[in-house]
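S.K.: First the structure, then my questions, so here it is.
Read-outs throughout are calculated quantities, based only on the coordinates presented, and are distinct from any laboratory measurement. The structure presented is a predicted model; accordingly, all values stated were derived computationally and were not measured. Backbone-built Cβ (ideal geometry, glycine too); neighbour counts: all protein chains shown.
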Amino acid sequence: MRTVLITGASSGIGAACAETLAAENYRLILCARREDRLDALKLSILRKYPTCEIHIMVLDVRDYEGTSSAIESLPEAWKNIDILINNAGLSQGLEPIQDGDIGDWDRMIDTNVKGLLYVTKSVSPLLKKSKTPHIINIGSIAGKEVYPNGNVYCATKHAVDALNKAMRIDLLPFGIKVTAVNPGMVETEFSEVRFKGDTEKAKSVYMGLTPLNGFDIAEIISFVLSRPTHVNINDLLVMPTAQANGTIINRNS
Ligand code: NDP
Ligand code: 8X3
């Protein structure tokens, strides 16, 4: 039975990964800041899969001390982590650079880049002990292209793209697989967070098309994790059929 640590498990892609991997008999360490959400997710997974083993870890990935000590002080039975899904992330605002908000920039850089590094540094010593170690980094089409007003969010996801490649080099001697899964538009709480609770604006992002949902991404991650030991999927870009690239979208589909 493999143990997977998922950051950003309280919502969207992370929560869908938790449910999908529970169905496949993985042991789950679920991390996020919102404890009530993690508790509710744990209960709902246990209702469906009563034998699933779940450990909840409340953490803010921007806090290196908190993150590293939470991982160091995991109960012994939960230290055998095989898989890390670096999924926690967010976008804040959608303005041109000259009008950008410094607080928004800091939150994106601190979460998407520094947070991902802090978690990876803290979990790597445990992954090195696994027979099937694997890191999955959730990047984005925003890490492959830059779109208008996406500036800092795109920069953070380009950094994830670079770190994904860097991890594959640095962790090669330890046999740790490293995969980037880069989605296009996925309907989650992402746009609500980007537009700071403006649900109407968030909904309009997905108007006239069928976006991906969290389970579309979770199923792909499950496939990536199911490859034999000698096979690694390095980098994967997945879009809704109605989305050609970062900006060209068919809203009559
Ligand atoms: P959601 O907003 O639904 O989920 C984001 C998750 O990240 C939440 O569980 C949130 O938990 C967690 N999170 C945010 N900040 C922190 C923090 N400081 N510490 C710990 N956890 C944090 O969005 P998605 O599921 O869509 O996003 C997941 C990932 O997918 C992100 O990296 C995003 O950039 C990426 N992505 C999303 C796309 C989309 O269109 N939705 C497309 C491409 C990539 P909590 O608030 O409880 O801490
Ligand atoms: C999230 C999707 O299109 O806003 O990474 O970049 S997008």
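S.K.: Rounded to the nearest 0.05, what FRET efficiency is calculated for residue 80 and residue 210 with R0 set to 41 Å and r the Cβ-Cβ distance?
M.R.: Taking R0 as 41 Å, the efficiency between residue 80 and residue 210 is 0.55.
S.K.: Excluding same-chain residues fewer than 8 positions from residue 177, which aspartates and glutamates have a Cα within less than 17 Å of its Cα?
M.R.: Cross-link targets: 82, 161, 235.
S.K.: Take the Cβ-Cβ distance between residue 44 and residue 98 as r, set R0 to 35 Å, and report the resulting FRET efficiency rounded to the nearest 0.05.
M.R.: The calculated FRET efficiency here is 0.20.
S.K.: Rounded to the nearest 10 degrees, what's the angle between the helix 151-170 long axis and the longest principal axis of the chain, both from Cα atoms, 0 to 90?
M.R.: For 151-170 against the chain, the angle is about 30 degrees.
S.K.: Quick one: of 48/157; 121/203; 157/201, which pairs are farther than 28 Å apart, Cα to Cα?
M.R.: 48/157; 121/203
S.K.: With springs connecting C-alpha atoms under 10 Å apart, model the chain as a Gaussian network and identify which of 130, 191, 69 has the largest mean-square fluctuation.
M.R.: Comparing 130, 191, 69 in the GNM, the peak value goes to 69.
S.K.: Under a crude label model (7 Å from the Cα following the beta-carbon direction), how far is residue 198 from residue 51 in nanometres?
M.R.: Using points 7 Å along Cα→Cβ, the separation is 5.0 nm.
S.K.: Using a simple spin-label model with points 7 Å from Cα along the Cα→Cβ vector, what separation in nm is obtained for residue 230 and residue 1?
M.R.: Output for this residue pair reads 3.1 nm.
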